[in-house]
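K.L.:
Next up is a structure, given as structure tokens.
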Amino acid sequence: MSEELDEKVQQKLLLYQRLQAEAEAILKNMGALEAALLDYQKAIMTLGYLLEHEGELESLVNIGGGTYVYSKVKSGENILIEIGKDVIIEKSPADAKKILEERKEKIIENINTLNQQINQIYNQMQVIQQDLATPGRKR
């Protein structure tokens, strides 16, 4: 009987560890999605600003390595937007903003799905913790 109980405890501990690893992977993915979401929100806000103003706007352009150059942006000019790996097309600012908003919504949907998954995992982990705290209890 004791060996059977030890085996069940061991199985629950293994399941708990697997769930914990799964939760960590989901949290890592959520972090990447949240960073992408912030990037899209910033781009949408900037395009909105361009749409509201006419003429040239002075801007700073990041050229890498923490280095920026001043640039003038014409508010009516088309925007280059990436639509796939190394595939870039030219769109009006309004169309580019619409594409970015659609992408943002997909990211939000993905984050919500991952939140649901992480909640399910945490609930399973809680059940295992309760079972381990009261080993005589059957589940």
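Laboratory data are not the source of any read-out in this text; all were calculated from the coordinates shown. The model shown is predicted, which means the values in this text are computed figures rather than measured ones. Glycine gets a Cβ as well: all are built from the backbone with ideal geometry, and neighbour counts include every protein chain shown.
K.L.:
Can you tell me the 0 to 90 degree angle between the C-alpha axis of helix 93-133 and the longest principal axis of the chain, rounded to 10?
P.N.:
10 degrees
K.L.:
Additional query: Counting Lys and Arg as +1 and Asp and Glu as -1, each charge on the Cβ, what is the dipole of the chain about the Cα centre in debye, to the nearest 20?
P.N.:
So the dipole magnitude of the chain works out to roughly 400 debye.
K.L.:
Still on this structure: Compute, for segment 1-74, the length of the dipole vector about the Cα centre, with Cβ point charges of +1 (Lys, Arg) and -1 (Asp, Glu) only. Units Debye, rounded to 20.
P.N.:
Numbers: 7 positive and 12 negative charges, 51 e Å.
Dipole magnitude for segment 1-74 comes out near 240 debye.
K.L.:
Rounded to the nearest 500 deg cm²/dmol, what is the calculated helix-only ellipticity per residue at 222 nm for the chain, with -39500 (n - 2.57) per DSSP H run of length n ≥ 4?
P.N.:
Numbers: 2 runs with 92 residues, N = 139.
Calculated at 222 nm, the ellipticity per residue is -24500 deg cm²/dmol.
K.L.:
What is the distance in Å between the Cα centres of segment 61-139 and segment 1-48?
P.N.:
Answer, in whole Å: 15.
K.L.:
A follow-up question, please. Given that compact globular proteins tend to follow 2.2 N^0.38 Å, what is the ratio of the alpha-carbon Rg of the chain to that value?
P.N.:
That ratio works out to 1.72.
K.L.:
Once amide H atoms are built 1.01 Å from N in the peptide plane, which residues 5 or more positions from Ile79, or in another chain, come under 5 Å H to H?
P.N.:
Result for Ile79 returns Lys91, Ser92.
K.L.:
Output the 0 to 90 degree angle, nearest 10, between the alpha-carbon long axis of helix 2-52 and the longest principal axis computed from the alpha carbons of the chain.
P.N.:
10 degrees
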